[in-house]
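Input: a single structure, listed below in structure tokens.
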Amino acid sequence: RYLSAKGEVDDKMICPLEPYPWRVNLVPPILAALAEAKRLGVPDLFFGVLFDMEFMSATGAAIGDAQGCCFCDHCWETFGKANAGLAAQTPVAERKTALLLAQKLSDYQAWQKQAVTDLLRRELEPVRAQAPALVFGFYPYHYGKSWITEAVLAAVSTPRAPAIPMDDQAYWTGYSGKP
């Protein structure tokens, strides 16, 4: 589960480094659609995929925040292994303070963002192997304000097929205010 800097659990949000939502909810439907197109004899039937990650971007207390991070044990321990001086037993509510004192908060934020990008790229390898030019469009919510949106954008974009992020401004009064 996603844990905020205050140690609060968000019942609806999982850790952004959990592969399950990508592995179960994104990759299999794409592979099934590509297989069906091939079976029908029109392998180029699909040129893109549109998915919605609003829930993932918005429900966590800090996920919609450009400076927010997940402080769950998995994230903390993985980062701590490569960064001496961060005690694995640090209580969740004290982890952000520990990073600030060690002058490693920006390193943690950069690591977590890159780790999400790397995770999603790995999960999408079977899709990219079959359809390297597949374009991804996604509705990220908090567009331009969420580090997870930036991480996913980097993961699903390639020079051959850049991603198309969408904002809420077109049909709503706007949460992000970035048309």
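Each reported figure results from applying straightforward, stated rules to the coordinates on display, with no laboratory input. Remember, predicted model here, so these are calculated numbers, not experimental data. Neighbour counts run over all protein chains shown; Cβ positions are idealised from the backbone, glycine included.
Need the full-extension length gain, E125 to A35, defined as separation in residues times 0.36 nm minus the C-alpha distance. One decimal, nm.
Full-extension gain reported as 30.8 nm.
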Inter-site label distance for V9 and D118 at 7 Å from Cα along Cβ, in nm: 2.8
